[in-house]
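Engineer: Dropping the structure in here first, questions after.
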């Protein structure tokens with residue numbers, strides 16, 4: 001029997017771990033797509049940077065802004081998913097939730113961040129699905145650690 005993450009410190013730690021793991025690895029689909037099509041692998045980071053700095057800012061400022069924006073969004077969405085995902089069957093539910101987040105994010109990007117909206121939509125949605133699935137994997141791994149050793 002697992003106990004839920006009820007302590008705020010446990011939830012905060014789990015959120016940071018999930019955000020770092022999922023935020024780092026979930027860019028795989030779009031990175032593979034971009035490399036396969038001879039694109040610029042940093043374009044998506046610079047596009048995310050336009051959420052925080054002007055589109056006319058220097059590329060370095062856009063990269064820094066993109067890293068910060070991605071970290072903040074990954075942390076926020078990781079917290080939402082950790083709180084909302086079911087304990088069992090989480091990878092499928094996580095991927096579906098990530099896809100739903102992607103649809104929302106890209107809908108908002110059309111209005112707020114044209115540089116993000118200009119990125120290949122399919123690859124971005126695949127990244128979001130991967131993000132949700134990875135958050136679910138992290139959650140399952142962290143929950144498994146909370147079990148007594150004789151229950152593993």
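The values are calculated or read from the model by the stated rules, or taken from the named source; none is laboratory data. All values reported here derive from a predicted model rather than from experimental measurement. Ideal geometry is used to build each Cβ from the backbone, glycine not excepted, and the neighbour counts take in all protein chains shown.
Engineer: Considering only residues that are at pLDDT below 95 and in a loop (DSSP other than H, G, I, E, B), look in the stretch 1-36 and name the one that is surrounded by the most Cβ atoms within 10 Å (Cβ to Cβ).
Structural biologist: Across the stretch 1-36, the extreme among qualifying residues is 5.
Engineer: Among the residues of the stretch 70-88, is there at least one that is surrounded by 13 or more Cβ atoms within 10 Å (Cβ to Cβ) and not in a helix (DSSP H, G or I)?
Structural biologist: Checked against the condition, which is being surrounded by 13 or more Cβ atoms within 10 Å (Cβ to Cβ) and not in a helix (DSSP H, G or I), the stretch 70-88 yields at least one hit.
Engineer: Of all residues in the stretch 2-43, which are farther than 29 Å from residue 144 by Cβ and touching a helix residue (DSSP H, G or I) at 6+ places or on another chain (Cβ under 6 Å)?
Structural biologist: 30, 33, 41 - these are the residues of the stretch 2-43 that are farther than 29 Å from residue 144 by Cβ and touching a helix residue (DSSP H, G or I) at 6+ places or on another chain (Cβ under 6 Å).
Engineer: Next question, about the same structure. Go through the stretch 53-69 residue by residue and tally those that are closer than 19 Å to residue 110 by Cβ and either surrounded by fewer than 17 Cβ atoms within 10 Å (Cβ to Cβ) or touching a strand residue (DSSP E or B) at 6+ places or on another chain (Cβ under 7 Å) (or both).
Structural biologist: Qualifying residue count, the stretch 53-69: 2.
Engineer: Checking residue 110 against (1) part of a helix (DSSP H, G or I); (2) touching a residue at least 40 places away in the same chain (Cβ under 8 Å); (3) under 21 Å from residue 30 (Cα atoms), which single condition isn't satisfied?
Structural biologist: So residue 110 meets the others, but not (2).
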